[in-house]
1. What are the principal axis extents of the Cα atoms in the chain, in Å, biggest first?
2. Give me 121, 57 ranked fewest to most by other Cβ atoms within 10 Å of their Cβ, as a rough exposure proxy.
3. I'd like the FRET efficiency for residue 255 and residue 170, computed as 1/(1 + (r/R0)^6) with the beta carbon distance as r and R0 of 22 Å, rounded to 0.05.
4. Nearest 500 deg cm²/dmol is fine: what mean residue ellipticity at 222 nm does the chain get from its DSSP H runs of n ≥ 4 alone, each adding -39,500 (n - 2.57), divided by its residue count?
5. Starting from the 7 Å offset along Cα-to-Cβ, what nm value, one decimal, do you get for the label separation of residue 38 and residue 262?
6. Among 222, 170, which comes first, then next, by fewest other beta-carbon atoms within 10 Å?
7. What is the Cα convex hull volume of the stretch 1-108 when expressed per residue in Å³?
8. Cut-off is 10 Å between beta-carbons; in what order do 1, 41 appear when sorted fewest neighbours first?
């Protein structure tokens with residue numbers, strides 16, 4: 001299982017995010033990711049660094065580690081601009097980009113309101129997500145889809161793309177994966193023909209089309225146990241939001257994850 005971190009970008013100082021990314025690469029982690037928000041969720045008074053600017057800078061500061069968004073929300077900027085942004089970043093980092101994309105929800109709607117940008121309907125956002133993600137995938141950019149409604153998750157099948165679950169517990173994650181790997185069957189009324197009724201992402205007995213992201217657990221013991229369970233599920237990636245009270249806490253988190261990654 002590949003392992004990444006979410007960089008500290010809800011700050012005024014980009015140097016902390018830059019140094020954290022360099023430290024992560026040197027420690028042998030697989031990827032660094034950035035939120036794509038105007039402010040920390042629910043706190044419009046606090047700062048946030050622009051995702052595309054941070055990633056563009058990191059294309060020149062790193063050489064091997066994957067760079068990604070978690071996630072870029074359709075509808076905040078025009079579709080063609082978002083596609084162009086991702087293509088440019090991927091070229092700058094020499095095909096190391098992971099384009100994490102999502103439709104957003106009620107929690108993120110305030111950002112559109114603040115910027116006087118009309119919020120497209122869920123169906124319109126799903127259409128945009130499908131279009132942009134398909135175009136990116138067709139030119140070789142790795143795409144992740146932020147899990148949400150089943151109708152959104154099905155886009156991951158169409159692309160195909162990895163499906164990312166945000167901060168779901170182990171039991172829920174196992175249930176989701178199992179339901180998608182082995183969807184229940186039902187009979188079409190009056191036909192006697194069995195039909196798939198749930199999302200089927202893979203026919204294989206594994207979870208390589210799934211990724212998990214969420215906060216780092218508080219204690220090293222808890223973190224070690226949880227990390228091991230994610231590995232057992234055979235997930236493709238686990239990405240952790242690390243505490244950034246100070247530089248020492250960042251280094252300690254990177255060291256812990258690096259040790260788990262290479263154990």
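Since every read-out is calculated from the coordinates, none of them should be taken as a lab result. All of these numbers come straight from a predicted model, not from anything done at the bench. Cβ coordinates were reconstructed from backbone atoms using ideal geometry, including for glycine residues, and neighbour counts include every protein chain displayed.
1. 64, 46, 35
2. Values: 121 10, 57 16.
Ranked by crowding around the Cβ, least crowded first: 121, 57.
3. On the way: r = 24 Å, r/R0 = 1.08.
With R0 = 22 Å, the Cβ-Cβ based efficiency is 0.40.
4. Result for the chain: -13000 deg cm²/dmol, rounded to the nearest 500.
5. Rounded to a tenth, the inter-label distance reads 4.3 nm.
6. Numbers: 222 11, 170 14.
Arranged by neighbour count, lowest to highest, 222, 170 become 222, 170.
7. Details: hull volume 10.7 nm³, N = 108.
Dividing the Cα hull volume of the stretch 1-108 by its residue count gives 99 Å³.
8. Details: 1 19, 41 14.
So the ranking, lowest neighbour count to highest, is 41, 1.
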